[in-house]
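Undergrad: Got a structure here, written out as structure tokens. Questions coming.
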Amino acid sequence: MQIDQIILFKHVVEQETISQAAKLCHISQPAASKQLQGLEEELGVKLIERTNRGIKMTEAGHIFYDFTISVTDMYSNLTNEMSDWKYNRESLDITACPVIANYVLPNHICELKKEYPKFAFNILPTSPESTIEKILLRQAKLGFCVDVEPHPELHLQKMFDDEIVLVSCTKYPIEDKIKISDLNKHLIVILDKKHIYYEKVYDYCKSIGIDLDTKHNVQQFYTLESIKNLLMNCAAISLMPRRSVAKEIKNGLLKEVEVVGIHIPYGVYALTNVKDHMSPLMIKIIELVKNDA
């Protein structure tokens, strides 16, 4: 088993197509398919199945995907440390939930790079469990996470409040304000079970008597971007973090739909290990994220 195969499989799962994963790995689609076949033969199990709707992970595939996350994180940490040593530079590892990693931090980091040119800022999008683990193990200096429980080894700072909202393309045929029962008329796409946002949606819906496991008009996807593409094509509506679609709503590409009786809030926190020194740069990043609300 080679690291290239592990990275490829992770991309296949997250991009939902072999062709797009192949592009990210800078190889042809036939070469990617051959690598995946070789991986399955080596493990002696089927990892993915090809369906009319795209790629679907098997039960073994879900187990292996969790493994790829750990391995690629370690590989990334190793390459970053080697690169820092080679070029005699400093680095700051930041682990964060997808909304912070993908939509809040990038612009701030680009500005900070001008002020701290010798610093390498490594942003790692992770689950809440992984974020907390990396901070506790001191594998990352700074983390941003959703609704963190108090922990004796963690220093927590509240950044801002956000919520899960219903959104659609502005051209999608739906009223600006609907009832909960109206949701049955539409295909609803949500993030899959590996995301904290799924738990927020699932738990809240269950509390108001909606069982997502038995709903036939609900489809899960792996990434925020894949859901956005569906929304842009007017293929469905979605329950998403407001912060992740703020730009599209502002630009008139998506709209927020009010659902009477639904309110799914959550808080975003900054995490550091109580044993770690809080550097001026870390303090500055925390303040930038907090003021971004």
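The values are calculated or read from the model by the stated rules, or taken from the named source; none is laboratory data. Keep in mind it's a predicted model, so treat the numbers as computed, not measured. Here the Cβ positions follow ideal geometry from the backbone for every residue, glycine too, while neighbour counts run over all protein chains shown. Just the protein is used for accessible areas: all its heavy atoms, side chains included, with ligands, DNA and RNA removed. Shrake-Rupley method; radii C 1.70, N 1.55, O 1.52, S 1.80 Å.
Undergrad: Quick one: would you say Val260 is surrounded by 18 or more Cβ atoms within 10 Å (Cβ to Cβ) and of a type in the set (Val, Ile, Thr)?
TA: Spelling it out, it is not the case that Val260 is surrounded by 18 or more Cβ atoms within 10 Å (Cβ to Cβ) and of a type in the set (Val, Ile, Thr).
Undergrad: Can you tell me which residues in the stretch 201-213 are in a helix (DSSP H, G or I), at pLDDT 80 or above and open to solvent by 60 Å² or more (accessible area, probe 1.4 Å)?
TA: Once the filter is applied, which keeps residues that are in a helix (DSSP H, G or I), at pLDDT 80 or above and open to solvent by 60 Å² or more (accessible area, probe 1.4 Å), the stretch 201-213 yields Asp203, Lys206, Ser207.
Undergrad: Gly267 versus (1) at pLDDT 90 or above; (2) open to solvent by less than 30 Å² (accessible area, probe 1.4 Å); (3) part of a helix (DSSP H, G or I): which is the lone unmet condition?
TA: That leaves (3) as the condition not met.
Undergrad: OK, next. Among the residues of the stretch 242-264, which ones are within 19 Å of the chain's Cα centre (by Cα) and either assigned to a loop (DSSP other than H, G, I, E, B) or closer than 20 Å to Lys179 by Cβ (or both)?
TA: Once the filter is applied, which keeps residues that are within 19 Å of the chain's Cα centre (by Cα) and either assigned to a loop (DSSP other than H, G, I, E, B) or closer than 20 Å to Lys179 by Cβ (or both), the stretch 242-264 yields only Ile264.
Undergrad: Here's another thing I want to ask about it. Can Leu239 be described as in a strand (DSSP E or B) and open to solvent by 20 Å² or more (accessible area, probe 1.4 Å)?
TA: Taking the combined requirement at face value, the residue satisfies it.
Undergrad: Does the stretch 128-158 hold any residues that are aliphatic (A, V, I, L, M) and in contact (Cβ under 8 Å) with a residue 60 or more places away in the chain, and which are they?
TA: Those that are aliphatic (A, V, I, L, M) and in contact (Cβ under 8 Å) with a residue 60 or more places away in the chain: Ile132, Ile135, Leu136, Leu142, Val146, Val148, Leu154, Leu156.
Undergrad: Looking at (1) out of contact with any Leu (no Cβ under 9 Å at 6 or more places or on another chain); (2) of a type in the set (Phe, Trp, Tyr); (3) under 30 Å from Ile63 (Cβ atoms), can you tell me which one Phe160 breaks?
TA: (3)
Undergrad: Go through (1) open to solvent by 50 Å² or more (accessible area, probe 1.4 Å); (2) closer than 22 Å to Ile100 by Cα; (3) in contact with a strand residue (DSSP E or B) (Cβ under 8 Å, 6 or more places away or on another chain) for Asn251 and report which single condition fails.
TA: All conditions are met except number (3).
Undergrad: Taking Gln20 as the residue in question, decide whether it is open to solvent by less than 90 Å² (accessible area, probe 1.4 Å), outside any loop (DSSP other than H, G, I, E, B) and out of contact with any Gly (no Cβ under 7 Å at 6 or more places or on another chain).
TA: yes
Undergrad: Of all residues in the stretch 195-224 being free of Cβ contacts under 8 Å to residues at least 24 places away in the same chain and within 22 Å of the chain's Cα centre (by Cα), which is nearest to Pro98 (Cα to Cα)?
TA: Tyr198
Undergrad: Also, quick follow-up: For the stretch 280-293, name all the residues that are surrounded by 14 or more Cβ atoms within 10 Å (Cβ to Cβ) and not in a helix (DSSP H, G or I).
TA: Asp292
Undergrad: Which residues, counting only those in the stretch 58-93, are touching a helix residue (DSSP H, G or I) at 6+ places or on another chain (Cβ under 6 Å) and either more than 12 Å from Ile6 (Cβ to Cβ) or modelled with pLDDT under 80 (or both)?
TA: Ser91
Undergrad: Next up: When you look at Ile48, is it among the hydrophobic types (A, V, I, L, M, F, W, C), surrounded by 14 or more Cβ atoms within 10 Å (Cβ to Cβ) and over 24 Å from Lys134 (Cβ atoms), yes or no?
TA: Yes, satisfied.
Undergrad: Here is a list: Lys275, Lys193. Which entry is in a loop (DSSP other than H, G, I, E, B) and farther than 21 Å from Asp147 by Cβ?
TA: Being in a loop (DSSP other than H, G, I, E, B) and farther than 21 Å from Asp147 by Cβ holds for just one of Lys275, Lys193, which is Lys275.
Undergrad: Here is a follow-up. Does Leu124 fit the bill of being hydrophobic (A, V, I, L, M, F, W, C) and in contact (Cβ under 8 Å) with a residue 24 or more places away in the chain?
TA: Yes.
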